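Trainee: The structure follows.
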(Lines give C-alpha, C1' and ligand atoms only; values in the text may rest on other atoms or scores of the structure.)
Protein backbone atom coordinates (compact mmCIF):
# COMPACT_ATOMS: atom_id res chain seq x y z
CA UNK A 1 0.00 0.00 0.00
CA UNK A 2 1.43 3.40 -0.94
CA UNK A 3 1.79 6.20 1.59
CA UNK A 4 -0.76 8.25 -0.32
CA UNK A 5 -3.42 5.55 -0.14
CA UNK A 6 -2.67 4.86 3.51
CA UNK A 7 -3.32 8.46 4.47
CA UNK A 8 -6.44 8.65 2.32
CA UNK A 9 -7.95 5.58 3.99
CA UNK A 10 -7.15 6.95 7.45
CA UNK A 11 -8.96 10.17 6.69
CA UNK A 12 -11.99 8.23 5.44
CA UNK A 13 -12.12 6.26 8.67
CA UNK A 14 -12.12 9.54 10.63
CA UNK A 15 -15.02 10.93 8.59
CA UNK A 16 -12.67 13.56 7.19
CA UNK A 17 -12.62 12.51 3.57
CA UNK A 18 -10.12 14.52 1.57
CA UNK A 19 -7.87 13.74 -1.34
CA UNK A 20 -4.53 14.50 0.27
CA UNK A 21 -1.36 12.98 1.58
CA UNK A 22 0.81 13.40 4.66
CA UNK A 23 4.16 11.67 4.85
CA UNK A 24 6.63 11.63 7.71
CA UNK A 25 10.28 11.59 6.62
CA UNK A 26 12.16 10.31 9.62
CA UNK A 27 15.64 11.03 8.26
CA UNK A 28 15.00 14.79 8.01
CA UNK A 29 12.26 14.90 10.67
CA UNK A 30 9.73 16.40 8.26
CA UNK A 31 5.96 16.18 8.02
CA UNK A 32 5.21 16.72 4.35
CA UNK A 33 1.67 17.72 3.37
CA UNK A 34 0.62 17.50 -0.29
CA UNK A 35 -2.40 17.49 -2.60
CA UNK A 36 -5.09 19.05 -0.37
CA UNK A 37 -7.49 21.13 -2.51
CA UNK A 38 -8.80 24.56 -1.55
CA UNK A 39 -12.27 23.09 -0.84
CA UNK A 40 -10.90 20.70 1.81
CA UNK A 41 -7.55 22.06 2.97
CA UNK A 42 -5.35 20.30 5.45
CA UNK A 43 -5.69 21.70 8.97
CA UNK A 44 -3.81 21.24 12.24
CA UNK A 45 -6.62 18.94 13.38
CA UNK A 46 -6.28 16.70 10.33
CA UNK A 47 -2.51 16.64 10.71
CA UNK A 48 -2.88 15.71 14.39
CA UNK A 49 -5.29 12.86 13.68
CA UNK A 50 -3.09 11.44 10.94
CA UNK A 51 -0.06 11.66 13.21
CA UNK A 52 -1.89 9.88 16.03
CA UNK A 53 -3.18 7.14 13.76
CA UNK A 54 0.29 6.46 12.34
CA UNK A 55 2.06 6.62 15.68
CA UNK A 56 4.61 9.20 14.54
CA UNK A 57 4.16 11.16 17.79
CA UNK A 58 5.14 14.44 16.18
CA UNK A 59 1.93 16.40 16.78
CA UNK A 60 0.31 17.09 20.13
CA UNK A 61 -2.78 19.07 21.03
CA UNK A 62 -3.80 21.12 24.05
CA UNK A 63 -7.56 21.57 23.94
CA UNK A 64 -7.70 24.22 26.66
CA UNK A 65 -5.60 26.66 24.64
CA UNK A 66 -6.52 25.23 21.22
CA UNK A 67 -2.81 24.81 20.52
CA UNK A 68 -1.14 22.26 18.26
CA UNK A 69 2.55 21.58 18.64
CA UNK A 70 4.54 20.06 15.77
CA UNK A 71 7.94 18.67 16.75
CA UNK A 72 9.18 18.46 13.18
CA UNK A 73 9.63 20.65 10.14
CA UNK A 74 6.45 21.24 8.16
CA UNK A 75 6.53 21.17 4.36
CA UNK A 76 3.55 22.26 2.29
CA UNK A 77 3.10 21.23 -1.35
CA UNK A 78 5.24 19.79 -4.10
CA UNK A 79 6.27 20.45 -7.69
CA UNK A 80 4.34 17.52 -9.18
CA UNK A 81 1.33 19.29 -10.74
CA UNK A 82 -0.75 19.33 -7.56
CA UNK A 83 -2.31 22.06 -5.42
CA UNK A 84 -1.85 22.04 -1.65
CA UNK A 85 -3.69 24.24 0.85
CA UNK A 86 -3.12 24.35 4.62
CA UNK A 87 -5.52 26.36 6.79
CA UNK A 88 -4.83 27.65 10.32
CA UNK A 89 -7.85 29.14 12.07
CA UNK A 90 -11.53 28.67 11.16
CA UNK A 91 -14.99 29.12 12.67
CA UNK A 92 -14.58 26.04 14.87
CA UNK A 93 -11.08 27.18 15.95
CA UNK A 94 -11.18 31.00 15.83
CA UNK A 95 -8.05 31.46 17.98
CA UNK A 96 -6.10 28.43 16.88
CA UNK A 97 -2.35 28.36 17.59
CA UNK A 98 0.26 26.21 15.88
CA UNK A 99 3.80 25.88 17.26
CA UNK A 100 6.38 24.36 14.94
CA UNK A 101 9.75 23.19 16.19
CA UNK A 102 11.43 23.18 12.78
CA UNK A 103 11.31 25.00 9.47
CA UNK A 104 8.04 25.80 7.75
CA UNK A 105 8.60 25.42 4.02
CA UNK A 106 5.88 26.30 1.53
CA UNK A 107 7.35 24.66 -1.53
CA UNK A 108 7.33 25.99 -5.11
CA UNK A 109 5.24 24.25 -7.75
CA UNK A 110 7.93 24.82 -10.41
CA UNK A 111 11.68 24.24 -10.01
CA UNK A 112 14.14 24.91 -12.81
CA UNK A 113 15.67 21.69 -14.12
CA UNK A 114 13.02 19.54 -12.44
CA UNK A 115 9.91 20.80 -14.21
CA UNK A 116 9.29 21.46 -17.92
CA UNK A 117 10.15 24.87 -19.31
CA UNK A 118 13.15 27.16 -19.12
CA UNK A 119 11.35 29.96 -17.28
CA UNK A 120 8.14 29.92 -15.24
CA UNK A 121 6.77 33.24 -16.52
CA UNK A 122 6.15 31.62 -19.92
CA UNK A 123 4.02 28.85 -18.45
CA UNK A 124 0.34 28.86 -19.36
CA UNK A 125 -2.29 29.02 -16.62
CA UNK A 126 -3.11 25.28 -16.61
CA UNK A 127 0.54 24.61 -15.79
CA UNK A 128 0.53 26.85 -12.71
CA UNK A 129 -0.39 25.49 -9.29
CA UNK A 130 -0.85 26.73 -5.73
CA UNK A 131 0.90 25.66 -2.52
CA UNK A 132 -0.39 27.89 0.26
CA UNK A 133 -0.63 28.35 4.02
CA UNK A 134 -3.50 30.60 5.08
CA UNK A 135 -3.79 32.10 8.55
CA UNK A 136 -7.19 33.50 9.39
CA UNK A 137 -9.99 34.38 7.00
CA UNK A 138 -10.19 37.50 4.76
CA UNK A 139 -13.96 37.63 5.33
CA UNK A 140 -14.03 37.06 9.09
CA UNK A 141 -11.91 39.27 11.34
CA UNK A 142 -12.95 37.28 14.41
CA UNK A 143 -10.67 34.45 13.30
CA UNK A 144 -7.23 35.27 14.69
CA UNK A 145 -4.74 32.50 14.09
CA UNK A 146 -1.23 32.34 15.55
CA UNK A 147 1.81 30.64 14.06
CA UNK A 148 4.84 30.29 16.33
CA UNK A 149 8.27 28.94 15.52
CA UNK A 150 10.09 27.20 18.36
CA UNK A 151 13.75 28.01 17.81
CA UNK A 152 14.84 27.17 21.35
CA UNK A 153 17.76 25.12 20.02
CA UNK A 154 18.92 28.09 17.92
CA UNK A 155 19.12 26.05 14.74
CA UNK A 156 17.86 28.85 12.52
CA UNK A 157 14.31 27.56 12.20
CA UNK A 158 12.30 29.97 10.07
CA UNK A 159 9.45 30.42 7.59
CA UNK A 160 10.35 29.86 3.93
CA UNK A 161 7.95 30.69 1.10
CA UNK A 162 9.18 29.41 -2.26
CA UNK A 163 12.78 29.25 -1.15
CA UNK A 164 14.80 30.16 -4.21
CA UNK A 165 16.01 32.76 -6.67
CA UNK A 166 13.43 34.39 -8.89
CA UNK A 167 14.66 32.68 -12.08
CA UNK A 168 14.89 29.23 -10.50
CA UNK A 169 11.54 28.70 -8.77
CA UNK A 170 7.94 29.81 -8.77
CA UNK A 171 5.19 29.15 -6.28
CA UNK A 172 4.60 29.02 -2.59
CA UNK A 173 2.16 31.43 -0.98
CA UNK A 174 1.51 32.86 2.46
CA UNK A 175 -1.84 34.51 3.14
CA UNK A 176 -2.28 35.96 6.63
CA UNK A 177 -5.33 37.87 7.89
CA UNK A 178 -5.84 39.22 11.42
CA UNK A 179 -3.15 36.82 12.58
CA UNK A 180 0.24 36.60 14.23
CA UNK A 181 3.57 35.10 13.18
CA UNK A 182 6.13 35.10 15.95
CA UNK A 183 8.73 33.15 17.91
CA UNK A 184 7.57 30.70 20.55
CA UNK A 185 10.03 32.27 23.00
CA UNK A 186 10.22 36.11 23.00
CA UNK A 187 13.87 36.17 24.13
CA UNK A 188 16.11 37.63 21.44
CA UNK A 189 18.44 34.63 21.28
CA UNK A 190 15.48 32.37 20.42
CA UNK A 191 14.03 34.64 17.70
CA UNK A 192 12.87 33.22 14.39
CA UNK A 193 15.98 32.32 12.38
CA UNK A 194 18.45 32.77 15.24
CA UNK A 195 21.56 30.55 15.25
CA UNK A 196 24.29 29.84 17.77
CA UNK A 197 27.01 31.04 15.41
CA UNK A 198 27.07 32.89 12.10
CA UNK A 199 24.40 34.86 10.26
CA UNK A 200 20.79 34.19 11.29
CA UNK A 201 18.20 32.98 8.79
CA UNK A 202 15.67 35.40 7.36
CA UNK A 203 11.93 34.95 6.97
CA UNK A 204 11.84 34.30 3.23
CA UNK A 205 8.67 35.45 1.47
CA UNK A 206 9.65 34.71 -2.14
CA UNK A 207 7.63 32.38 -4.27
CA UNK A 208 6.81 35.32 -6.56
CA UNK A 209 3.15 34.30 -6.73
CA UNK A 210 1.29 36.66 -4.43
CA UNK A 211 1.85 36.76 -0.66
CA UNK A 212 -0.88 38.66 1.20
CA UNK A 213 -0.39 40.11 4.68
CA UNK A 214 -3.34 42.05 6.12
CA UNK A 215 -4.01 43.13 9.71
CA UNK A 216 -1.23 40.80 10.81
CA UNK A 217 1.66 41.02 13.28
CA UNK A 218 5.11 39.63 12.53
CA UNK A 219 7.49 39.79 15.45
CA UNK A 220 10.70 38.45 16.98
CA UNK A 221 12.63 37.82 13.77
CA UNK A 222 16.40 37.51 14.11
CA UNK A 223 17.12 38.90 10.64
CA UNK A 224 14.94 40.09 7.73
CA UNK A 225 11.28 39.68 8.60
CA UNK A 226 9.68 40.00 5.14
CA UNK A 227 12.41 39.29 2.60
CA UNK A 228 11.51 38.95 -1.12
CA UNK A 229 7.83 39.89 -1.02
CA UNK A 230 6.93 41.89 -4.17
CA UNK A 231 3.93 43.99 -5.24
CA UNK A 232 4.95 43.08 -8.79
CA UNK A 233 3.89 39.47 -8.19
CA UNK A 234 0.70 40.28 -6.29
CA UNK A 235 2.22 40.91 -2.88
CA UNK A 236 0.11 42.91 -0.42
CA UNK A 237 1.26 44.43 2.86
CA UNK A 238 -1.62 46.28 4.55
CA UNK A 239 -1.92 47.10 8.25
CA UNK A 240 0.98 44.85 9.19
CA UNK A 241 2.78 45.40 12.48
CA UNK A 242 6.46 44.50 12.60
CA UNK A 243 7.70 44.40 16.17
CA UNK A 244 10.67 43.46 18.32
CA UNK A 245 12.85 42.22 15.51
CA UNK A 246 15.82 42.97 13.31
CA UNK A 247 14.98 44.29 9.78
CA UNK A 248 11.27 44.78 9.14
CA UNK A 249 10.97 45.82 5.47
CA UNK A 250 13.59 45.31 2.75
CA UNK A 251 13.67 45.94 -1.01
CA UNK A 252 10.90 44.38 -3.07
CA UNK A 253 7.68 46.15 -2.19
CA UNK A 254 6.75 49.34 -4.04
CA UNK A 255 3.74 50.15 -1.84
CA UNK A 256 2.77 49.32 1.71
CA UNK A 257 -0.13 50.82 3.63
CA UNK A 258 -1.15 51.28 7.25
CA UNK A 259 1.87 49.46 8.65
CA UNK A 260 3.57 49.93 12.00
CA UNK A 261 7.23 49.23 12.62
CA UNK A 262 8.24 49.36 16.27
CA UNK A 263 11.12 48.24 18.45
CA UNK A 264 13.14 46.99 15.47
CA UNK A 265 16.83 47.44 14.70
CA UNK A 266 16.10 48.73 11.19
CA UNK A 267 12.60 49.59 9.97
CA UNK A 268 13.35 49.91 6.22
CA UNK A 269 16.50 48.53 4.56
CA UNK A 270 17.56 49.15 0.95
CA UNK A 271 19.31 46.28 -0.81
CA UNK A 272 20.05 48.29 -3.93
CA UNK A 273 16.74 48.83 -5.72
CA UNK A 274 14.38 50.40 -3.20
CA UNK A 275 11.65 52.65 -4.57
CA UNK A 276 9.03 52.41 -1.83
CA UNK A 277 5.93 54.42 -1.01
CA UNK A 278 4.54 54.06 2.50
CA UNK A 279 1.06 55.39 3.23
CA UNK A 280 -0.36 55.95 6.74
CA UNK A 281 2.51 54.10 8.37
CA UNK A 282 4.15 54.59 11.77
CA UNK A 283 7.73 54.29 12.97
CA UNK A 284 8.01 53.81 16.72
CA UNK A 285 11.06 53.34 18.92
CA UNK A 286 13.35 51.82 16.29
CA UNK A 287 17.12 51.86 16.38
CA UNK A 288 17.14 53.11 12.76
CA UNK A 289 14.10 54.09 10.69
CA UNK A 290 15.80 53.79 7.31
CA UNK A 291 19.10 52.43 6.07
CA UNK A 292 19.63 53.63 2.49
CA UNK A 293 23.13 53.31 1.09
CA UNK A 294 23.17 50.71 -1.67
CA UNK A 295 21.82 52.65 -4.64
CA UNK A 296 18.05 52.51 -4.37
CA UNK A 297 15.90 55.53 -5.13
CA UNK A 298 14.54 55.79 -1.60
CA UNK A 299 11.22 56.19 0.20
CA UNK A 300 8.14 58.40 -0.10
CA UNK A 301 6.19 58.74 3.14
CA UNK A 302 2.55 59.80 2.75
CA UNK A 303 0.72 60.84 5.92
CA UNK A 304 3.18 58.86 8.04
CA UNK A 305 4.17 59.31 11.68
CA UNK A 306 7.93 59.06 12.09
CA UNK A 307 9.27 58.74 15.61
CA UNK A 308 12.84 59.71 16.40
CA UNK A 309 15.27 56.78 15.96
CA UNK A 310 17.58 55.76 18.77
CA UNK A 311 20.51 55.90 16.34
CA UNK A 312 20.93 58.24 13.38
CA UNK A 313 19.27 57.14 10.14
CA UNK A 314 21.59 56.13 7.28
CA UNK A 315 21.28 57.94 3.95
CA UNK A 316 24.41 57.76 1.78
CA UNK A 317 25.23 58.15 -1.90
CA UNK A 318 26.22 55.11 -3.96
CA UNK A 319 28.30 54.86 -7.10
CA UNK A 320 26.54 52.62 -9.66
CA UNK A 321 28.38 52.20 -12.94
CA UNK A 322 29.21 55.63 -14.31
CA UNK A 323 26.73 57.54 -12.17
CA UNK A 324 26.21 58.39 -8.53
CA UNK A 325 22.84 57.71 -6.91
CA UNK A 326 21.60 59.97 -4.13
CA UNK A 327 18.76 58.24 -2.28
CA UNK A 328 16.12 60.41 -0.66
CA UNK A 329 13.26 60.27 1.80
CA UNK A 330 10.33 62.55 0.99
CA UNK A 331 7.52 63.21 3.44
CA UNK A 332 4.16 64.27 2.00
CA UNK A 333 0.92 65.25 3.71
CA UNK A 334 -2.65 65.75 2.60
CA UNK A 335 -4.36 69.00 3.52
CA UNK A 336 -7.86 70.44 3.10
CA UNK A 337 -8.50 74.08 2.21
CA UNK A 338 -11.68 75.83 3.25
CA UNK A 339 -12.64 79.21 1.75
CA UNK A 340 -15.17 81.37 3.62
CA UNK A 341 -16.29 85.01 3.63
CA UNK A 342 -16.08 87.43 6.57
CA UNK A 343 -19.31 85.98 7.97
CA UNK A 344 -17.92 82.47 7.94
CA UNK A 345 -20.12 81.41 5.02
CA UNK A 346 -18.62 79.08 2.39
CA UNK A 347 -17.37 80.65 -0.81
CA UNK A 348 -18.26 78.18 -3.59
CA UNK A 349 -16.04 77.60 -6.59
CA UNK A 350 -13.20 79.80 -5.30
CA UNK A 351 -9.99 79.52 -7.30
CA UNK A 352 -7.11 78.30 -5.17
CA UNK A 353 -3.42 78.56 -6.03
CA UNK A 354 -0.68 76.76 -4.09
CA UNK A 355 2.73 78.23 -4.92
CA UNK A 356 5.94 76.59 -3.64
CA UNK A 357 8.28 79.01 -1.90
CA UNK A 358 11.21 76.61 -2.27
CA UNK A 359 12.56 75.53 -5.64
CA UNK A 360 12.81 71.77 -6.02
CA UNK A 361 11.85 69.16 -8.67
CA UNK A 362 9.47 67.58 -6.15
CA UNK A 363 7.15 70.62 -5.98
CA UNK A 364 5.19 72.65 -8.50
CA UNK A 365 2.41 75.22 -8.54
CA UNK A 366 -1.12 73.87 -8.22
CA UNK A 367 -4.37 75.51 -9.33
CA UNK A 368 -7.71 74.06 -8.28
CA UNK A 369 -11.25 75.09 -7.41
CA UNK A 370 -13.19 74.71 -4.20
CA UNK A 371 -16.48 72.84 -4.39
CA UNK A 372 -19.93 74.30 -3.70
CA UNK A 373 -19.21 74.18 0.04
CA UNK A 374 -15.96 76.13 -0.37
CA UNK A 375 -13.86 73.05 0.35
CA UNK A 376 -11.21 71.07 -1.47
CA UNK A 377 -11.57 67.26 -1.50
CA UNK A 378 -11.55 65.65 1.94
CA UNK A 379 -10.07 62.51 3.40
CA UNK A 380 -10.15 59.47 1.15
CA UNK A 381 -11.51 61.55 -1.73
CA UNK A 382 -10.02 61.59 -5.19
CA UNK A 383 -8.06 64.75 -5.94
CA UNK A 384 -7.21 65.59 -2.34
CA UNK A 385 -4.28 68.00 -2.03
CA UNK A 386 -0.98 66.28 -1.31
CA UNK A 387 2.06 68.45 -0.55
CA UNK A 388 5.68 67.51 0.17
CA UNK A 389 6.69 68.90 3.55
CA UNK A 390 10.27 67.62 3.83
CA UNK A 391 12.97 66.07 1.70
CA UNK A 392 16.08 64.39 3.09
CA UNK A 393 18.66 63.57 0.42
CA UNK A 394 22.07 61.96 0.51
CA UNK A 395 24.94 64.37 -0.03
CA UNK A 396 28.55 64.07 -1.15
CA UNK A 397 29.49 63.83 2.51
CA UNK A 398 28.22 61.81 5.43
CA UNK A 399 25.48 64.22 6.51
CA UNK A 400 22.35 64.26 4.31
CA UNK A 401 20.75 67.50 3.14
CA UNK A 402 17.35 68.35 4.63
CA UNK A 403 14.97 70.68 2.82
CA UNK A 404 11.74 71.96 4.38
CA UNK A 405 8.98 73.02 2.00
CA UNK A 406 6.73 76.04 2.50
CA UNK A 407 3.94 77.40 0.33
CA UNK A 408 1.90 80.49 -0.41
CA UNK A 409 -1.80 79.62 -0.64
CA UNK A 410 -4.05 82.10 -2.48
CA UNK A 411 -7.81 82.12 -2.90
CA UNK A 412 -10.02 84.44 -4.91
CA UNK A 413 -13.42 85.01 -6.50
CA UNK A 414 -14.43 88.01 -8.65
CA UNK A 415 -16.81 89.53 -6.09
CA UNK A 416 -14.52 89.47 -3.01
CA UNK A 417 -11.01 90.66 -2.13
CA UNK A 418 -8.39 87.93 -2.67
CA UNK A 419 -6.53 86.58 0.37
CA UNK A 420 -3.42 84.51 0.90
CA UNK A 421 -1.44 82.64 3.51
CA UNK A 422 2.35 82.73 3.31
CA UNK A 423 4.99 80.39 4.73
CA UNK A 424 2.55 77.55 5.13
CA UNK A 425 4.18 74.25 6.08
CA UNK A 426 2.07 71.05 6.04
CA UNK A 427 3.03 69.71 9.45
CA UNK A 428 -0.14 67.71 10.15
CA UNK A 429 -1.93 65.34 7.79
CA UNK A 430 -5.48 66.28 6.77
CA UNK A 431 -5.27 69.63 8.50
CA UNK A 432 -7.98 72.07 7.39
CA UNK A 433 -6.62 75.47 6.36
CA UNK A 434 -9.19 78.30 6.37
CA UNK A 435 -8.83 81.32 4.07
CA UNK A 436 -11.16 84.28 4.65
CA UNK A 437 -12.17 86.48 1.73
CA UNK A 438 -13.54 89.92 2.59
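The values are calculated or read from the model by the stated rules, or taken from the named source; none is laboratory data. The structure displayed is predicted, hence computed values, not measured ones. In this analysis, Cβ positions are derived from the backbone assuming ideal geometry, glycine residues included, and neighbour counts consider all displayed protein chains.
Trainee: For segment 400-412, name all the residues that are assigned to a loop (DSSP other than H, G, I, E, B) and surrounded by fewer than 18 Cβ atoms within 10 Å (Cβ to Cβ).
Mentor: Hit for segment 400-412 is 406, nothing else.
Trainee: Still on this structure, please answer the following. What residue, among those in segment 124-174 that are part of a loop (DSSP other than H, G, I, E, B) and in contact with a helix residue (DSSP H, G or I) (Cβ under 6 Å, 6 or more places away or on another chain), is surrounded by the most Cβ atoms within 10 Å (Cβ to Cβ)?
Mentor: The extreme case among them is 151.
Trainee: Separate question: Looking only at segment 1-34, how many residues end up being surrounded by 13 or more Cβ atoms within 10 Å (Cβ to Cβ), modelled with pLDDT of 95 or more and not in a loop (DSSP other than H, G, I, E, B)?
Mentor: 8
Trainee: I'm trying to understand the selection: among the residues of segment 352-371, which are assigned to a loop (DSSP other than H, G, I, E, B) and touching a residue at least 24 places away in the same chain (Cβ under 8 Å)?
Mentor: Those that are assigned to a loop (DSSP other than H, G, I, E, B) and touching a residue at least 24 places away in the same chain (Cβ under 8 Å): 357, 358, 360, 362, 363, 370.
Trainee: Moving on. Which numbered condition in (1) modelled with pLDDT of 95 or more; (2) on the phi < 0 side of the Ramachandran plot is the only one that residue 154 fails?
Mentor: All conditions are met except number (2).
Trainee: Every residue in segment 413-432 that is under 25 Å from residue 329 (Cβ atoms) and either within 30 Å of the chain's Cα centre (by Cα) or not in a strand (DSSP E or B) (or both), please.
Mentor: 425, 426, 427, 428, 429, 430, 431, listed by residue number.
Trainee: Yes or no: residue 78 surrounded by 24 or more Cβ atoms within 10 Å (Cβ to Cβ), assigned to a loop (DSSP other than H, G, I, E, B) and over 22 Å from the mean Cα position of the chain (by Cα)?
Mentor: no
Trainee: Working only within segment 244-283, note down all residues that are under 22 Å from residue 386 (Cα atoms) and part of a strand (DSSP E or B).
Mentor: Matches in segment 244-283: 255, 256, 257, 260, 275, 276, 277, 278, 279, 282, 283.
Trainee: While we're here: Closer than 15 Å to residue 273 by Cα and touching a strand residue (DSSP E or B) at 6+ places or on another chain (Cβ under 7 Å) - does that describe any residue in segment 328-345?
Mentor: There is at least one residue in segment 328-345 that is closer than 15 Å to residue 273 by Cα and touching a strand residue (DSSP E or B) at 6+ places or on another chain (Cβ under 7 Å).
Trainee: While we're looking at this one, here's another question. Would you pick out the residues in segment 81-122 that are modelled with pLDDT under 95 and buried (at least 20 other Cβ atoms within 10 Å of the Cβ)?
Mentor: The answer is 120, and nothing else.
Trainee: Output the residues belonging to segment 175-189 that are touching a residue at least 40 places away in the same chain (Cβ under 8 Å) and either over 28 Å from residue 137 (Cα atoms) or not in a strand (DSSP E or B) (or both).
Mentor: Those that are touching a residue at least 40 places away in the same chain (Cβ under 8 Å) and either over 28 Å from residue 137 (Cα atoms) or not in a strand (DSSP E or B) (or both): 178, 179, 184, 186.
Trainee: While we're on this one: So which pairs qualify, if the first residue must be in segment 266-293 and at negative phi and surrounded by fewer than 17 Cβ atoms within 10 Å (Cβ to Cβ), the second must be at pLDDT below 95 and in a strand (DSSP E or B), the Cβ gap must be under 8 Å, and the two must be at least 6 apart or on different chains?
Mentor: 271/250
Trainee: Residue check: is residue 388 surrounded by 12 or more Cβ atoms within 10 Å (Cβ to Cβ) and in a loop (DSSP other than H, G, I, E, B)?
Mentor: Taking the combined requirement at face value, the residue does not satisfy it.
Trainee: Let me ask something else about it. Could you check how many residues of segment 35-60 are under 28 Å from the mean Cα position of the chain (by Cα) and in a helix (DSSP H, G or I)?
Mentor: 1
Trainee: Can I ask one more? Restricting to segment 228-239, give me the number of residues that are crowded, with 24+ Cβ neighbours inside 10 Å and under 24 Å from residue 199 (Cβ atoms).
Mentor: 2
Trainee: Determine if segment 85-107 includes at least one residue that is in contact (Cβ under 8 Å) with a residue 60 or more places away in the chain, touching a helix residue (DSSP H, G or I) at 6+ places or on another chain (Cβ under 9 Å) and either more than 26 Å from residue 191 (Cα to Cα) or outside any loop (DSSP other than H, G, I, E, B) (or both).
Mentor: yes
Trainee: Considering only segment 115-131, I want to know if a residue exists there that is touching a strand residue (DSSP E or B) at 6+ places or on another chain (Cβ under 6 Å) and on the phi > 0 side of the Ramachandran plot.
Mentor: No, there is no match, as no residue in segment 115-131 is touching a strand residue (DSSP E or B) at 6+ places or on another chain (Cβ under 6 Å) and on the phi > 0 side of the Ramachandran plot.
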